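Presented below is the structure to which this report refers.
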Amino acid sequence: MDKKKRDRCETRAAILKALAHPMRLFMLEELAEKSYCVYELTEMVGLDISTVSKHLSVLKNAGLVNIEKKGKQVYYSLRMRCALNFLDCVEAVLREQAQDRIDAIQ
């Protein structure tokens, strides 16, 4: 593999790593509906503010969310709606796997 292809694969893997956590997936789905501040997301997920902030930082660094400061609050919104398309693909794989299990039983 040449350097250009390796770099591209590494960059893609970094984005997939950002998606590879249940809380971050939850946050992305919620941010698809509207913008939230850290405190609101903290209440929604039931984690401490530091942990939620770290998750949001991972998503921001991957280019998946935007931040907007409003006074002292920082609001997060979904930047890349296409990430939800990837989740649709994941759901399709899960449905196919479930169907394969049903077919194997019959």
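Is it true that Ala92 is touching a residue at least 24 places away in the same chain (Cβ under 8 Å) and either under 24 Å from Arg12 (Cα atoms) or touching a strand residue (DSSP E or B) at 6+ places or on another chain (Cβ under 7 Å) (or both)? Break it down into steps so the answer makes sense when it comes.
Working: touching a residue at least 24 places away in the same chain (Cβ under 8 Å): no; either under 24 Å from Arg12 (Cα atoms) or touching a strand residue (DSSP E or B) at 6+ places or on another chain (Cβ under 7 Å) (or both): yes.
No; evaluated as a whole, the condition is false for this residue.
Residue pairs whose Cβ atoms lie under 8 Å apart, separated by 6 or more positions or on different chains, with the first residue in segment 1-22 and more than 17 Å from Ser57 (Cα to Cα) and the second part of a helix (DSSP H, G or I) and open to solvent by 60 Å² or more (accessible area, probe 1.4 Å), are Met1/Cys9.
The values are calculated or read from the model by the stated rules, or taken from the named source; none is laboratory data. If you're wondering where the values come from, they're calculated on a predicted model, not measured in any experiment. Quick reminder, even Gly has a Cβ in these numbers, built from the backbone with ideal geometry, and neighbours come from all protein chains shown. In case anyone asks, the SASA skips ligands and DNA or RNA and just uses the protein heavy atoms, side chains included. Shrake-Rupley method; radii C 1.70, N 1.55, O 1.52, S 1.80 Å.
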